[in-house]
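Let me begin by presenting the structure, written as C-alpha cells, before commenting on it.
The values are calculated or read from the model by the stated rules, or taken from the named source; none is laboratory data. Keep in mind the model is a prediction, meaning the values are calculated, not measured. Heads up, the Cβs are rebuilt from the backbone with ideal geometry, glycines too, and the neighbour counts pull from every protein chain shown.
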C-alpha cells in the first residue's frame, strides 16, 4: 500500500532516480509506502480489500509537503525526499493498515519518505542527496493504492482507496470533476 506521488512530481522524481543509476527506477512508481511489500494469499484478498476500504472510509484528505533530502546511511544505502508535512497522517494510516488481516512486525520503525536512490554507489547517493536538497512539492493526498509486484518485477496499482468513500472511486491522485 502506498500514496502515489502525483504529476508532475512523480515523473520528475522517477527521472532523477533513474539518473542516479537506481536499477529499480522504472519498476517502482514514485510513492510513499504505507505498508512494505507483504505476501498475502489470493484467498485473503477480499478480506484485505474490505479492511483497506474501512481504513480509507474513515480518513480525510490531507496535505503532503515534500522538502529536502535525508538518508538511511549507514544502516541502508538509501537517499530520500523528506516529508515536511503529512508525517502524522501517514503514520496514523500506516498503523491502521498494518492491523487486522495485515498485522505484521516491521524490520525498521516506519518512516514515511520518497526513495530517490537505493543500492547505488556512494558517489551517486551523495549526488542524489545534494541534487534534491532543495526539492519541494506540496499537494493534497486523496487516498492510497494497493500495488502488486508483477512477474516482470514491476509494481503496478491494482485498486485505489479514496478517503471518505465506502465504494471504489477515481484514482486518489485525480481531482474529482465538477
Review point. Picking from 125, 142, which residue would you name as being touching a strand residue (DSSP E or B) at 6+ places or on another chain (Cβ under 9 Å) and within 16 Å of residue 61 (Cβ to Cβ)?
Key: 142
Point to revise | Hits in segment 98-123 - residues which are crowded, with 18+ Cβ neighbours inside 10 Å and either over 18 Å from the mean Cα position of the chain (by Cα) or part of a helix (DSSP H, G or I) (or both) | key: 102, 120
Check your understanding: Which condition number in (1) without any contact (Cβ under 8 Å) to a residue 60 or more places away in the chain; (2) outside any helix (DSSP H, G or I); (3) more than 18 Å from the chain's Cα centre (by Cα) is the one that residue 82 fails?
Key -> (3)
Review point. Taking segment 13-33, which residues are surrounded by fewer than 17 Cβ atoms within 10 Å (Cβ to Cβ) and touching a residue at least 24 places away in the same chain (Cβ under 8 Å)?
Key: 21, 23, 24, 26, 27
Study note, to complete from the structure: Conditions (1) under 14 Å from residue 143 (Cα atoms); (2) part of a loop (DSSP other than H, G, I, E, B); (3) in contact with a strand residue (DSSP E or B) (Cβ under 7 Å, 6 or more places away or on another chain) -> residue 60 fails only (3)
Revision key, fill the gap. Those residues of segment 125-147 that are buried (at least 18 other Cβ atoms within 10 Å of the Cβ) and assigned to a helix (DSSP H, G or I) come to a total of 4
Review point. Is it true that some residue in segment 23-35 is within 14 Å of residue 101 (Cα to Cα) and at pLDDT 95 or above?
Key: yes
Review point. So, of the residues in segment 34-45 that are exposed (fewer than 14 other Cβ atoms within 10 Å of the Cβ) and closer than 30 Å to residue 13 by Cβ, which turns out to be nearest to the chain's Cα centre (by Cα)?
Key: 37
